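This report concerns only the one structure given below.
Nothing in this text is a laboratory measurement; each read-out follows from the coordinates by a stated rule. Predicted model only: the values in this text are computed from it and were never measured. Ideal geometry is used to build each Cβ from the backbone, glycine not excepted, and the neighbour counts take in all protein chains shown.
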Amino acid sequence: MAMTIQKEDETAEVRIFLMADAVTSALPNQNTPKGYYNIERMIKSVLLKGGKVKICGSCAEARGIKDLQLIEGAELSTMKELVQWTLDCDKSLTF
């Protein structure tokens, strides 16, 4: 959906905040079987078009990945920043 929003409205500000098990989506060098979605490529596409991707630091720590390399452009963050993003936005979607 984030990629489609960026395609349909180049001025839209897209922010993705990964939580819980989704934090592993920000790990590089994903090798998905042919025909499956590659989340790394999707995240990179969002970042290349000016989107922001943040990862819950507590969630990353709980899953043992806090010190691992992330996809370039993705950043560890905090619940405080998620709250600020939520207060700043016009629309918020959760999946």
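Taking the mean number of other Cβ atoms within 10 Å as a proxy for protection, how do you rank 79-92, 51-64, 5-18 from highest to lowest? Write down the numbers at each step before the final one.
Values: 79-92: 10.8, 51-64: 17.5, 5-18: 14.5.
Result, highest mean first: 51-64, 5-18, 79-92.
Here the sum of -39500 (n - 2.57) over DSSP H runs of 4 or more residues, divided by the residues of the chain, equals -9500 deg cm²/dmol at 222 nm, to the nearest 500. Between the listed residues Ala26, Gly50, Thr11, the Cα displaced farthest toward the positive end of the dipole of region 2-88, a dipole computed from Cβ unit charges relative to the Cα centre, is found at Ala26.
Scaled against 2.2 N^0.38 Å for its residue count N, the alpha carbon radius of gyration of the chain is 1.08. The calculated FRET efficiency for Glu8 paired with Arg63, based on their beta-carbon distance and R0 = 35 Å, is about 0.60.
Treating only the Cβ atoms of Lys and Arg (+1) and Asp and Glu (-1) as charged, compute the dipole magnitude of region 2-88 about its Cα centre; round to the nearest 20 debye. Don't jump to the answer; show the numbers that get you there.
Numbers: 11 positive and 12 negative charges, 48 e Å.
Approximately 220 debye in magnitude.
Computed from the C-beta positions of Leu87 and Lys34 and an R0 of 30 Å, the FRET efficiency is 0.10 to the nearest 0.05.
Counting pairs on different chains as well as pairs 8 or more places apart, how many Lys pairs in region 2-88 have Cα atoms under 13 Å apart?
So the count of such lysine pairs works out to 5.
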